[in-house]
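My questions all concern the structure below.
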Amino acid sequence: MDKHELQRDAASLHELLETYSQVDPLAAQCLEMIRGQLAEAMKKRIHKPTRAVSLHYYFLEEGLGRHAGLWEAYARYSNRIEGRDVTEARRLDADFRSGSLTRESLSRDIQNQQAKHGGTFSRRVETIQRFLKRIARSLQ
């Protein structure tokens, strides 16, 4: 876990939540929920992957993601603190946004990753599954 990158991502999320808290009570509520964990990350006191305070409900069901950059900042932070492969998540997100993410391309990617990474493959599959669940919830 790169504590410097986690510190940067935590500071970015904190700043955005602070900004949007001025105009959106939901952002203020979420900031209070995650404030302690963000403080620990910004002080570089988190040394191993841990669960991020879950704010997914607020983004997906309550519309918190309407604020520019907030969903992306939270996704970067939660991926980083949980020790997920951030580059893989970014690639999947870019593929989804460009329309090149298809069932066939995912199957091909899974086979390639399995052959390439063996034991670490299950973490990559979990990243893909979480990403697909996020997409499915946002399309509902």
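The values are calculated or read from the model by the stated rules, or taken from the named source; none is laboratory data. On a predicted model such as this, the values are computed, not experimentally measured, just so you know. Here the Cβ positions follow ideal geometry from the backbone for every residue, glycine too, while neighbour counts run over all protein chains shown.
Suppose the filter is of a type outside the set (K, R) and either under 13 Å from H14 (Cα atoms) or modelled with pLDDT of 90 or more (or both); does E40 pass it?
yes
Here's a follow-up. Please specify each residue of the stretch 62-89 satisfying the condition of being part of a loop (DSSP other than H, G, I, E, B) and either free of Cβ contacts under 8 Å to residues at least 40 places away in the same chain or among the polar types (S, T, N, Q) (or both).
E62, G63, A68, E82
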